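The values are calculated or read from the model by the stated rules, or taken from the named source; none is laboratory data. Please read these numbers as outputs of a predicted model, since none were measured by experiment. Note that we place each Cβ from the backbone using ideal geometry, even for glycine, and neighbour counts take in every protein chain shown. These accessible areas exclude ligands, DNA and RNA; they are computed on the full protein's heavy atoms, side chains included. Shrake-Rupley method; radii C 1.70, N 1.55, O 1.52, S 1.80 Å.
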Amino acid sequence: MVGQVRNGGALNACDAILCPPGLHNKDGRLSITRGCDRIEKATHLKTLHLSSTLIDNMEDADNAPDSLINLHLAECQFKDEIPPEFYKLSNLKIAYLNFNRFSGTLPEAIGQMTNLEEFWAYNNDVTGPIPEQLGSLTYLTVLALDENKLSGCILTELEQFSATEP
(Lines give C-alpha, C1' and ligand atoms only; values in the text may rest on other atoms or scores of the structure.)
Protein backbone atom coordinates (compact mmCIF):
# COMPACT_ATOMS: atom_id res chain seq x y z
CA MET A 1 0.00 0.00 0.00
CA VAL A 2 2.13 2.89 -1.24
CA GLY A 3 0.99 6.32 -0.10
CA GLN A 4 -0.51 5.59 3.31
CA VAL A 5 0.19 3.56 6.43
CA ARG A 6 -2.69 1.98 8.32
CA ASN A 7 -2.03 4.08 11.42
CA GLY A 8 -2.70 7.25 9.44
CA GLY A 9 0.88 8.34 8.81
CA ALA A 10 1.54 9.47 5.26
CA LEU A 11 4.28 7.93 3.20
CA ASN A 12 6.35 9.79 0.71
CA ALA A 13 8.32 8.51 -2.26
CA CYS A 14 11.35 7.92 -0.08
CA ASP A 15 9.41 5.56 2.18
CA ALA A 16 8.38 3.55 -0.83
CA ILE A 17 12.01 3.28 -1.93
CA LEU A 18 13.31 2.27 1.47
CA CYS A 19 11.05 -0.30 2.90
CA PRO A 20 8.04 -1.75 1.07
CA PRO A 21 6.55 -4.12 1.97
CA GLY A 22 8.37 -4.09 5.29
CA LEU A 23 6.20 -1.36 6.83
CA HIS A 24 3.60 -2.41 9.32
CA ASN A 25 2.00 -1.16 12.50
CA LYS A 26 3.10 -2.97 15.67
CA ASP A 27 1.72 -1.87 19.01
CA GLY A 28 0.83 1.58 17.67
CA ARG A 29 4.34 2.20 16.31
CA LEU A 30 5.51 2.01 12.75
CA SER A 31 7.75 -1.01 12.34
CA ILE A 32 10.41 -0.99 9.68
CA THR A 33 11.75 -4.45 9.16
CA ARG A 34 14.53 -3.58 6.74
CA GLY A 35 17.61 -1.41 7.03
CA CYS A 36 18.42 1.50 4.79
CA ASP A 37 19.20 -0.51 1.69
CA ARG A 38 18.42 1.31 -1.53
CA ILE A 39 18.45 4.69 0.21
CA GLU A 40 20.91 5.94 -2.41
CA LYS A 41 18.02 5.97 -4.91
CA ALA A 42 16.36 8.80 -2.98
CA THR A 43 18.67 11.35 -4.59
CA HIS A 44 16.67 14.42 -3.49
CA LEU A 45 16.04 13.27 0.07
CA LYS A 46 16.84 16.06 2.54
CA THR A 47 15.08 14.86 5.69
CA LEU A 48 14.59 11.30 6.88
CA HIS A 49 12.22 11.21 9.84
CA LEU A 50 11.92 7.76 11.40
CA SER A 51 11.53 8.75 15.06
CA SER A 52 9.23 6.64 17.23
CA THR A 53 9.54 3.61 14.98
CA LEU A 54 10.90 0.19 15.81
CA ILE A 55 13.94 0.63 13.57
CA ASP A 56 17.04 -0.75 15.27
CA ASN A 57 19.88 -0.58 12.76
CA MET A 58 21.62 1.79 10.39
CA GLU A 59 22.92 -0.80 7.95
CA ASP A 60 23.72 0.83 4.61
CA ALA A 61 23.03 4.31 6.02
CA ASP A 62 26.41 5.38 4.68
CA ASN A 63 24.88 4.93 1.20
CA ALA A 64 22.54 7.84 1.88
CA PRO A 65 22.52 10.50 -0.83
CA ASP A 66 24.59 13.64 -0.33
CA SER A 67 21.32 15.59 -0.16
CA LEU A 68 20.46 14.09 3.28
CA ILE A 69 20.96 16.86 5.85
CA ASN A 70 18.39 16.04 8.58
CA LEU A 71 18.16 12.64 10.27
CA HIS A 72 15.53 11.99 12.93
CA LEU A 73 16.01 8.68 14.76
CA ALA A 74 14.73 9.57 18.24
CA GLU A 75 12.79 7.04 20.30
CA CYS A 76 13.69 4.04 18.18
CA GLN A 77 15.07 0.67 19.25
CA PHE A 78 18.80 1.34 18.90
CA LYS A 79 21.22 -0.12 21.41
CA ASP A 80 24.95 -0.67 21.65
CA GLU A 81 27.36 1.85 20.12
CA ILE A 82 26.29 4.41 17.53
CA PRO A 83 27.25 2.52 14.37
CA PRO A 84 30.23 3.63 12.26
CA GLU A 85 27.89 4.19 9.27
CA PHE A 86 26.40 7.17 11.08
CA TYR A 87 29.70 9.06 11.23
CA LYS A 88 30.13 8.70 7.46
CA LEU A 89 27.09 10.94 6.85
CA SER A 90 29.35 13.96 6.39
CA ASN A 91 26.64 16.23 4.94
CA LEU A 92 24.30 15.90 7.93
CA LYS A 93 23.43 19.19 9.55
CA ILE A 94 20.96 17.94 12.15
CA ALA A 95 20.90 14.54 13.87
CA TYR A 96 18.38 13.39 16.48
CA LEU A 97 19.49 10.20 18.24
CA ASN A 98 17.90 10.95 21.61
CA PHE A 99 15.81 8.53 23.69
CA ASN A 100 17.46 5.36 22.45
CA ARG A 101 19.74 2.94 24.27
CA PHE A 102 23.03 3.82 22.61
CA SER A 103 26.03 2.91 24.74
CA GLY A 104 29.79 3.01 24.36
CA THR A 105 31.76 6.16 23.73
CA LEU A 106 31.48 8.85 21.10
CA PRO A 107 34.41 8.07 18.79
CA GLU A 108 36.86 10.47 17.19
CA ALA A 109 35.03 9.82 13.90
CA ILE A 110 32.39 12.37 14.92
CA GLY A 111 34.93 14.97 13.80
CA GLN A 112 34.31 13.83 10.19
CA MET A 113 30.79 15.26 10.33
CA THR A 114 32.03 18.71 9.34
CA ASN A 115 28.61 20.13 8.44
CA LEU A 116 26.94 19.14 11.71
CA GLU A 117 25.02 22.03 13.30
CA GLU A 118 22.86 20.18 15.84
CA PHE A 119 23.64 16.89 17.56
CA TRP A 120 20.86 15.64 19.82
CA ALA A 121 21.92 12.45 21.62
CA TYR A 122 20.54 12.95 25.10
CA ASN A 123 18.88 10.24 27.18
CA ASN A 124 21.06 7.32 26.09
CA ASP A 125 23.77 5.34 27.89
CA VAL A 126 26.83 6.91 26.22
CA THR A 127 29.93 6.76 28.42
CA GLY A 128 33.42 8.20 28.53
CA PRO A 129 34.75 11.64 27.76
CA ILE A 130 33.43 14.10 25.19
CA PRO A 131 35.78 13.68 22.21
CA GLU A 132 37.95 16.69 21.46
CA GLN A 133 37.09 16.34 17.76
CA LEU A 134 33.75 18.00 18.52
CA GLY A 135 35.77 21.20 18.83
CA SER A 136 36.61 21.04 15.13
CA LEU A 137 32.95 21.14 14.10
CA THR A 138 32.78 24.85 13.34
CA TYR A 139 29.05 24.88 12.45
CA LEU A 140 27.95 23.08 15.64
CA THR A 141 25.47 25.22 17.59
CA VAL A 142 23.59 22.54 19.59
CA LEU A 143 25.27 19.73 21.47
CA ALA A 144 22.73 17.88 23.60
CA LEU A 145 24.39 15.04 25.49
CA ASP A 146 22.59 15.28 28.83
CA GLU A 147 21.18 12.21 30.56
CA ASN A 148 24.09 9.99 29.49
CA LYS A 149 26.95 8.59 31.54
CA LEU A 150 29.69 10.90 30.30
CA SER A 151 32.80 11.59 32.35
CA GLY A 152 35.65 14.04 32.35
CA CYS A 153 35.68 17.77 31.77
CA ILE A 154 34.14 20.14 29.29
CA LEU A 155 36.78 20.45 26.62
CA THR A 156 38.57 23.69 25.96
CA GLU A 157 37.95 22.93 22.27
CA LEU A 158 34.29 23.70 22.91
CA GLU A 159 35.05 27.25 24.07
CA GLN A 160 34.70 28.47 20.48
CA PHE A 161 30.97 27.99 20.78
CA SER A 162 30.61 30.66 23.43
CA ALA A 163 30.95 33.29 20.70
CA THR A 164 28.32 31.80 18.36
CA GLU A 165 25.28 33.17 20.16
CA PRO A 166 24.61 36.94 20.32
Expressed as a percent, the accessible surface of segment 36-166 that is carbon or sulfur, using a 1.4 Å probe and the full set of protein chains, is 48
List the pair-distance distribution P(r) of segment 28-132, using every Cα-Cα distance, as the percent of pairs falling in each 10 Å bin from 0 up to the bin containing the longest distance, rounded to whole percents. 15, 51, 30, 3, 0
Going 7 Å from the Cα of SER67 along its beta-carbon direction, which residues of segment 90-126 have the amide nitrogen within less than 18 Å of the resulting point? 90-94
What ratio of Cα Rg to 2.2 N^0.38 Å holds for segment 83-138? 1.05
